[in-house]
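The values are calculated or read from the model by the stated rules, or taken from the named source; none is laboratory data. Since the model is a prediction, treat every value here as computed from it, not as a measurement. Reconstructed Cβ throughout: ideal geometry from the backbone, glycine too, with neighbour counts over all protein chains shown.
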Amino acid sequence: MWQPELEAPHAGYARAEEIRGRCRVRKTDTFKAVKEQLASIAEDEPDESTEFDGMVDFHWRFDSYAKAERLANSLQKLSHKPEIVVLRLSCYDDVTASVTLKDERQRH
């Protein structure tokens, strides 16, 4: 399985809103099971979620890059599922430290 190598963040990565994990899931008949798997892997419920166009975005906030990296690597276990549309770790202070594990959104 591919393991992304994430660059070490700058010393300024301390505020939780700067580092986020995101997972977009299609609402299918297996949605509840996939959501439970996400929560189990993340070891916590998402900080927020948004539903739109038959999909749900789950967001987690982190107070350290190491915690965010652990979640990103753990969520890879679900990346093969067709219900998972986007798996992404976003670092808003340094976009080069962000990583996309899966992105199957259709581009127009």
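Things worth noting here:
- Taking the conditions (1) within 19 Å of Arg88 (Cβ to Cβ); (2) modelled with pLDDT of 85 or more in turn, Glu5 satisfies each one other than (2).
- Summed over region 56-87, the residues that are touching an Asp or Glu at 6+ places or on another chain (Cβ under 9 Å) and within 13 Å of Val25 (Cβ to Cβ) give a count of 8.
- Scanning region 31-51 for residues that are part of a helix (DSSP H, G or I), within 18 Å of Leu89 (Cβ to Cβ) and either touching a Lys or Arg at 6+ places or on another chain (Cβ under 7 Å) or in contact (Cβ under 8 Å) with a residue 60 or more places away in the chain (or both) yields a total of 1.
- Residue that is modelled with the highest pLDDT [pool: residues in region 57-82 that are surrounded by fewer than 19 Cβ atoms within 10 Å (Cβ to Cβ), within 18 Å of Asp103 (Cα to Cα) and touching a helix residue (DSSP H, G or I) at 6+ places or on another chain (Cβ under 9 Å)]: Lys81
- Filtered by the rule that a residue be over 20 Å from Glu43 (Cβ atoms) and more than 11 Å from the chain's Cα centre (by Cα), region 74-97 gives His80, Pro82, Glu83, Cys91, Tyr92, Asp93, Asp94, Val95, Thr96, Ala97.
- Condition broken by Glu18, with the remaining ones in (1) out of contact with any Asp or Glu (no Cβ under 6 Å at 6 or more places or on another chain); (2) among the charged types (D, E, K, R); (3) at pLDDT 75 or above satisfied: (1)
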